[in-house]
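Single-structure report; data block below.
The values are calculated or read from the model by the stated rules, or taken from the named source; none is laboratory data. All values reported here derive from a predicted model rather than from experimental measurement. Virtual Cβ from ideal backbone geometry, glycine too; neighbours counted across all protein chains shown.
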Amino acid sequence: MSHQQAGRPVLVGYDDSPASRHALHWAVADARLRGAPLLVCHALHWPYAPRPVAQEIIEQLEPLALGIVDEGLRRARELAPDLDVQPLLGRGTPSAVLLEAAREAELTVLGSRGQGGFDGLQVGSAAVQVPAHSVTPVVVVRPPVQSSAGQDVRIVVGLDGSPASLAAFDFALDEAALRGGVVTALCCWADCGSSTWQEPLPFVDSHALRRGAETRFREVVSHLAGRCPEVTVITEFVTERPQRVLLGATRDATLLVLGNRGNEAPPCLLLGPVTQAALLESWCPVAVAPAAVLNPRLPPG
């Protein structure tokens, strides 16, 4: 297969940290399912405070960096001898190197934190910056908190009607088709007409609003799911805070898929609060899809 694979590669960030090894396993499996090549990427950079560094110091670090790339290649080829695996050693911060390479990749996979950072840090800077700025989907693989062996493949996707959430649904559908799994599409409704809402709207029939939103949600999901009729899609429309519902759903999920920013995200934020919470606390890997132009296949409404 190694000479027949073509198309955009699956890019994985690797620094030989435990988290990057988990990411490598995930990326290898996804690349095999896609029939895509795998690009193992490491960033050669001065690991301390940013300041001018003599070229000879960088050159002394290069053999160490090449050794890390070689180790990533070795591990990937042990996992999948038939996979086309290629190295990439970039110069710069991990975030900058990955974002540049991601432009030509099908998706990017990285661990929740690398070798840098402080002890006890739940998620590294690259695991936030890359999903926030990438123009293609990014999967952040968190440390496994439970075994998924023998479990059915279940992909959970959060939908709020925003362009990024629609892109997230498309990605979830593709992953489910590749893995032979089901998709659970979750929409969380905030009852803005209820007296319990912080600033309830006057003369609003909250029940009618909810019914209309739920009908529209199920209509959009049904319409978009039509391109992959072989995938079972389950819809859930709940009156609950999205962080709580989505994070709870990850306990028995294979993958959580979210847009990089939803309707609730202020314009100043590159990552919405729900997505940020998922990167910190999800029980399974998190895929972050970038905002896209509204899909012309949406039904009128």
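Worth a mention:
- Selection status of L209, modelled with pLDDT of 90 or more and surrounded by 15 or more Cβ atoms within 10 Å (Cβ to Cβ): no
Yes/no matrix, rows are residues, columns are (1) modelled with pLDDT of 95 or more; (2) farther than 24 Å from A132 by Cβ:
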site: L11; (1), (2): yes, no
site: E56; (1), (2): no, yes
site: R91; (1), (2): no, no
site: E104; (1), (2): no, no
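- Hits in the range 156-173 - residues which are part of a loop (DSSP other than H, G, I, E, B) and either in contact with a helix residue (DSSP H, G or I) (Cβ under 6 Å, 6 or more places away or on another chain) or at pLDDT 95 or above (or both): L159
- Meets criteria (part of a helix (DSSP H, G or I), at pLDDT 90 or above, surrounded by fewer than 21 Cβ atoms within 10 Å (Cβ to Cβ) and of a type in the set (D, E, K, R)) for E219: yes
- Checked against the criterion of being at pLDDT 95 or above and either within 21 Å of L270 (Cα to Cα) or not assigned by TED's automatic domain parsing to the domain that holds D15 (or both), the candidates A176, A127, A149 yield just one match: A176.
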